[in-house]
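The values are calculated or read from the model by the stated rules, or taken from the named source; none is laboratory data. Worth saying up front: this structure is predicted, and the values here are computed from it rather than measured. Heads up, the Cβs are rebuilt from the backbone with ideal geometry, glycines too, and the neighbour counts pull from every protein chain shown.
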Amino acid sequence: MTIAGMILVNNPGTWSAIYPPLAHAEWHGWTPTDLVFPFFLFIVGVSIVFSFDARLSRGDTLTRLVKHVLRRSAMIFAIGLFLAAVPYFDFATIRIPGVLQRIAVVYLCASLIYLFTRMGGQIAAICGLLLGYWAVMTLVPVPGYGVGRLDVEGNLAAYVDRQLMLGHLWKPMWDPEGVLSTFPAIVTTLLGGLVGKWLTSTRRPEEKAKGLFIFGGIGLALGQIWHIWFPINKNLWTSSYVVFTAGFACVLLGMCYWGMDLKGVRRWATPFVVFGTNAIAAFALSSFVAKMMGIWKVPVAGGIAISVKAYIFQKFFAPLASPVNASLLFALAYVLFWLGVMWLLYRRKIFIKI
């Protein structure tokens, strides 16, 4: 579901007319789109528990698992850098942070914490990272700006990114996937890991479902309360945002678990299973094609050349509805296109492992 959501929100027909729920919050606050990325990191944490516990029970050693984590993280990070560089490969200005790069770093850190600590250590890491991030963001003075600034350029995370990667950021002065904000993102995955342990416990299924809803409700409430002092903000990945989105993810996972595992209603989820079996491939390939469609040009009337994406949108979607709704239709069509591609791989049992 998160992969479908990531493709949907990343590919409107035109960035000048985005369907409102598919736009990120401008700064503080949240929209449905701001839930997608943390949902992915959360379910990565859940999956780590299922995967690693199964491999350890089959006799895999910690050394083999660590090598697997290192190799997989490096490959995901490299794919992210490749997508940032293609097609010009201008390494003087390449954006170093990114979605896949954050996934790689978070997966690496959360996996090592899970493998080398018990639950008490994981909870300590969660509390330490959340409280520590809150403290440094609100108490450490930023040169030229002062203490406690949480605006676009005056916050500590943006300052750190400028010192380390100026000229290699998404925006000239800041990046939503920067260095400092990756630390609380690790917590998003660790919280997913705690939920994974809950789901693999020996408790009755009804108790597991009830627990997911309770944990989710607590997370939503705590996130909203923390928002008073440390606003919910996706770009800064604030501690309140971590707790709030993890709570939301827990509720959604609880709904899926209740409907599918307890009630046996599963057919509706088949398209999402198809996306999930080739998750990184679906995201990376859809991102690559989208980027190239924005670069490749086709001639139109008057000798003007426009991008392939603009041509498709203007030719086939713009006449159908208002700009905002046409933009939504394009995004939905793009998701369905990649569902078709992934379905072919799924039917042929082709699973691209990273």
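For segment 138-245, which helices (runs of 4 or more DSSP H) that fit wholly inside it have 2 or more residues that are closer than 20 Å to residue 103 by Cα and touching a residue at least 12 places away in the same chain (Cβ under 8 Å)?
Where helices (runs of 4 or more DSSP H) fall fully within segment 138-245 and carry at least 2 residues being closer than 20 Å to residue 103 by Cα and touching a residue at least 12 places away in the same chain (Cβ under 8 Å), they are 156-165, 182-199.
Determine whether segment 295-312 contains at least one residue that is closer than 19 Å to residue 87 by Cβ, free of Cβ contacts under 8 Å to residues at least 12 places away in the same chain, of a type outside the set (Val, Ile, Thr) and in contact with a strand residue (DSSP E or B) (Cβ under 7 Å, 6 or more places away or on another chain).
Yes: segment 295-312 contains one or more residues that are closer than 19 Å to residue 87 by Cβ, free of Cβ contacts under 8 Å to residues at least 12 places away in the same chain, of a type outside the set (Val, Ile, Thr) and in contact with a strand residue (DSSP E or B) (Cβ under 7 Å, 6 or more places away or on another chain).
Residues to consider are 126, 186, 103; find the one that is of a type outside the set (Ser, Thr, Tyr), at pLDDT 95 or above and in contact with a Cys (Cβ under 7 Å, 6 or more places away or on another chain).
Being of a type outside the set (Ser, Thr, Tyr), at pLDDT 95 or above and in contact with a Cys (Cβ under 7 Å, 6 or more places away or on another chain) holds for just one of 126, 186, 103, which is 186.
Could you say which residue among 215, 244 is touching a Gly at 6+ places or on another chain (Cβ under 6 Å), among the aromatic types (Phe, Trp, Tyr) and within 25 Å of residue 113 (Cβ to Cβ)?
Going through 215, 244 in turn, the sole match is 244.
Any chance you could count how many residues in segment 206-252 are farther than 14 Å from residue 38 by Cα and in contact with a strand residue (DSSP E or B) (Cβ under 8 Å, 6 or more places away or on another chain)?
Result for segment 206-252: 1.
Here's the yes/no breakdown for (1) among the charged types (D, E, K, R); (2) without any contact (Cβ under 8 Å) to a residue 12 or more places away in the chain; (3) in the same structural domain as residue 3 (by TED's automatic domain parsing):
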position	(1), (2), (3)
48	no, no, no
52	no, no, no
57	no, yes, no
65	no, no, no
71	yes, yes, no
77	no, no, no
81	no, no, no
90	yes, yes, no
101	no, no, no
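Quick one: residue 47 ticks every box in (1) surrounded by fewer than 20 Cβ atoms within 10 Å (Cβ to Cβ); (2) farther than 26 Å from residue 341 by Cβ except a single one, so which number is it?
For residue 47, the exception is condition (2).
Which one is surrounded by the fewest Cβ atoms within 10 Å (Cβ to Cβ), of the residues in segment 63-108 that are hydroxyl-bearing (Ser, Thr, Tyr) and assigned to a helix (DSSP H, G or I)? Reasoning before the result, please.
Taking segment 63-108 as the starting set, the residues that turn out to be hydroxyl-bearing (Ser, Thr, Tyr) are 63, 73, 88, 93, 107.
Checking the rest, the ones that are also assigned to a helix (DSSP H, G or I) come to 63, 73, 107.
Working: 63: 8, 73: 21, 107: 22.
Ranking the qualifying residues of segment 63-108, first place goes to 63.
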